[in-house]
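> Here you go, one structure.
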Amino acid sequence: MMPVSSKFLQSLVDAHSEPFALVDRDFNIVACNQHYARTYTHLKPGDIVGMKCHEVSHKSATVCEINDEECPLKRVFDTEQPVLVIHRHMDRDHKPEYVAIHGSPVFDDHGRLLYLGEGMRSITKERELDFDEQKMVGCCPSFLRVLDTLCLVAETDSPALIRGETGTGKEMAAQLLHRKSSRANGPFITIDSTAFTEDLLVNELFGHEPGAFTGCVGVKKGLVELADKGTLFMDEIGEIPLSLQAKLLRVLETGSFRRLGGTEERQVDFRFICATHRNLKAMVEAGSFRADLYYRINCMQVELPPLRHRRDDIPHLVEHFLSRNMLGKHSVPISDEAMTLIKRYPYPGNMRELKNIIERLVIMTPGKVIGGADIPLLQKEGNGLPPDAPLFSAEPDSLREARLDFEKQFILKKLKEYEGNISRTAEAIGLERSNLHRKIKSFGLEAKSDDRDSQPS
């Protein structure tokens with residue numbers, strides 16, 4: 001094989017306007033452009049040649065996989081296909097940033113794979129990760145995988161279903177999908193399915209014509225119409241009634257609808273994104289959610305991890321929420337003891353609950369270090385948090401949320417009491433076993449099976 005000249009390789013990387021490097025299968029950088037050199041080092045491009053890619057961008061002596069990040073080089077050399085991954089890089093001043101890496105295979109004239117071409121784009125800019133006063137923050141593997149998935153899903157125009165517990169950031173994820181999509185310049189329309197009765201929800205979605213109902217004199221455009229050329233995000237889709245599910249399915253399949261009281265068929269073009277904390281598949285089996293609508297909206301699914309599965313991200317989130325609550329005041333330091341207690345708490349309300357906790361601490365501890373004694377506990381044992389002791393009582397945003405949270409925690413407590421046995425738990429709480437089984441599925445809980453559990457309900 002004829003060797004590739006360094007001049008030719010340099011011309012390849014210089015053609016890119018963002019940081020770009022060519023890497024061989026042994027992780028050696030064979031060429032990079034000025035943007036790459038300036039972003040990650042104080043060196044010239046020629047001085048970087050021969051260094052390992054993870055040494056430069058990660059400031060690490062070990063490869064990405066050992067650090068729980070997907071290695072684009074390995075994937076490209078294994079599949080010979082392009083790849084998009086999200087990494088946490090360290091810039092020239094050792095400051096972390098999230099980067100979308102577009103990895104491309106580079107072949108010679110005989111079709112042999114020579115190099116990985118890595119194009120890097122920061123995704124920590126306000127337009128992509130910062131939404132109003134909220135920010136997607138984290139660095140643990142599960143969070144980075146979610147960002148990776150969101151970036152891939154954003155490139156499509158297919159319906160997307162975002163699943164996750166209350167407070168995990170489902171709307172922020174939907175905003176990210178919109179901001180990074182081809183519809184970013186169009187409207188982003190949000191509707192909370194729990195905020196309206198069925199009749200009002202139909203009116204909000206489809207609008208009305210004069211005379212549609214008693215006292216109706218004007219024309220109202222619905223959210224479906226307002227979302228034209230943009231994105232419609234429906235939160236808690238699992239709460240909408242079956243009759244409305246049929247109307248929603250028709251719009252998604254045909255792109256057409258009629259306002260209430262109207263006869264004109266109207267066309268709309270929007271991307272549909274929805275979210276739920278419920279197990280929709282279990283609801284389909286139970287007959288409370290249409291199977292055809294479920295399969296229509298479940299084209300691209302994103303699962304957001306609960307905060308208890310992202311404990312290493314909690315200090316980063318605490319720092320972020322503290323900075324958001326300064327309001328021009330001096331920084332509020334937090335002790336190691338307090339951070340330990342905060343990290344150990346399970347957070348049934350997830351990031352929303354953590355945000356409220358930090359806000360309360362800032363208000364209640366002005367001008368002092370936040371210590372362990374400032375964290376209210378129902379009981380305290382040593383330096384740790386008892387498994388069932390709440391740090392703060394969560395404050396749900398609605399009566400429905402409060403009811404669901406109470407029901408979930410009550411069932412979870414009783415399942416623990418009866419060692420996960422569904423039949424014994426159902427008998428103890430006065431509920432039909434089949435109904436309890438459905439609730440367990442809808443809440444995403446786990447339970448042991450018994451003889452009757454293996455039989456059809």
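The values are calculated or read from the model by the stated rules, or taken from the named source; none is laboratory data. Since the structure is predicted, the reported quantities are computational estimates derived from the model, not experimental observations. Cβ atoms come from the backbone with ideal geometry, glycine included; neighbour counts cover every protein chain shown.
> Grab the helices (runs of 4 or more DSSP H) fully contained in the range 86-194, keeping just those with 1 or more residues being within 13 Å of the chain's Cα centre (by Cα) and either surrounded by 21 or more Cβ atoms within 10 Å (Cβ to Cβ) or modelled with pLDDT of 85 or more (or both).
Passing ranges, in order: 141-154, 170-179.
> On to the next question. Which numbered condition in (1) touching a strand residue (DSSP E or B) at 6+ places or on another chain (Cβ under 8 Å); (2) within 30 Å of P141 (Cβ to Cβ) is the only one that A282 fails?
Of everything listed in (1) touching a strand residue (DSSP E or B) at 6+ places or on another chain (Cβ under 8 Å); (2) within 30 Å of P141 (Cβ to Cβ), A282 misses just condition (1).
> Touching a Lys or Arg at 6+ places or on another chain (Cβ under 6 Å), of a type in the set (D, E, K, R) and in contact (Cβ under 8 Å) with a residue 40 or more places away in the chain: does that describe E303?
Taking the combined requirement at face value, the residue satisfies it.
> A further question on this structure: Within the range 26-62, track down each residue that is surrounded by fewer than 20 Cβ atoms within 10 Å (Cβ to Cβ), out of contact with any strand residue (DSSP E or B) (no Cβ under 8 Å at 6 or more places or on another chain) and closer than 19 Å to P105 by Cα.
The answer is D26, and nothing else.
> Among the residues that make up the range 277-285, is at least one of them closer than 16 Å to L201 by Cβ, outside any loop (DSSP other than H, G, I, E, B) and assigned by TED's automatic domain parsing to the domain that holds I162?
Within the range 277-285, none of the residues are closer than 16 Å to L201 by Cβ, outside any loop (DSSP other than H, G, I, E, B) and assigned by TED's automatic domain parsing to the domain that holds I162.
> How many residues, within the range 280-324, are surrounded by fewer than 18 Cβ atoms within 10 Å (Cβ to Cβ), modelled with pLDDT of 90 or more and hydroxyl-bearing (S, T, Y)?
The total comes to 2.
> Quick check on my filter: what residues within the range 25-64 are assigned to a strand (DSSP E or B) and closer than 23 Å to T79 by Cβ?
The answer is N28, I29, V30, A31, K52.
> Out of all the residues in the range 441-450, is one or more at pLDDT below 80 and of a type in the set (F, W, Y)? Break it down stepwise before answering.
Kept after step one, since they are at pLDDT below 80, are these residues of the range 441-450: 441-450.
Applying the additional criterion that residues be of a type in the set (F, W, Y) yields 443.
Yes, there is a match, as at least one residue in the range 441-450 is at pLDDT below 80 and of a type in the set (F, W, Y).
> Would you point out which residue out of L242, L248 is in contact (Cβ under 8 Å) with a residue 40 or more places away in the chain and under 19 Å from C299 (Cβ atoms)?
Exactly one of L242, L248 is in contact (Cβ under 8 Å) with a residue 40 or more places away in the chain and under 19 Å from C299 (Cβ atoms), namely L248.
> Now for a different question. Does F27 qualify as being touching a Lys or Arg at 6+ places or on another chain (Cβ under 6 Å) and among the hydrophobic types (A, V, I, L, M, F, W, C)? So that I can check it myself, show each step before the final result.
Details: touching a Lys or Arg at 6+ places or on another chain (Cβ under 6 Å): yes; among the hydrophobic types (A, V, I, L, M, F, W, C): yes.
It is true that F27 is touching a Lys or Arg at 6+ places or on another chain (Cβ under 6 Å) and among the hydrophobic types (A, V, I, L, M, F, W, C).
> Name the residues in the range 153-190 that are farther than 23 Å from P306 by Cα and aliphatic (A, V, I, L, M), would you?
Hits for the range 153-190 are A184, I189.
> Take R75 and decide whether it is outside any loop (DSSP other than H, G, I, E, B) and charged (D, E, K, R).
Working: outside any loop (DSSP other than H, G, I, E, B): yes; charged (D, E, K, R): yes.
Taking the combined requirement at face value, the residue satisfies it.
> For the range 222-270, give me the residue count where each residue is within 23 Å of the chain's Cα centre (by Cα), in a loop (DSSP other than H, G, I, E, B) and of a type in the set (V, I, T).
So the count comes out to 1.
> Another question, if that's okay. L22 - would you say it is at pLDDT below 90, under 35 Å from the mean Cα position of the chain (by Cα), in a strand (DSSP E or B) and not charged (D, E, K, R)?
no
Okay, residues lined up against (1) assigned to a loop (DSSP other than H, G, I, E, B); (2) under 27 Å from the mean Cα position of the chain (by Cα); (3) at pLDDT below 70:
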residue: I358; (1), (2), (3): no, yes, no
residue: L377; (1), (2), (3): yes, no, yes
residue: P386; (1), (2), (3): yes, no, yes
residue: A389; (1), (2), (3): yes, no, yes
residue: P396; (1), (2), (3): yes, yes, yes
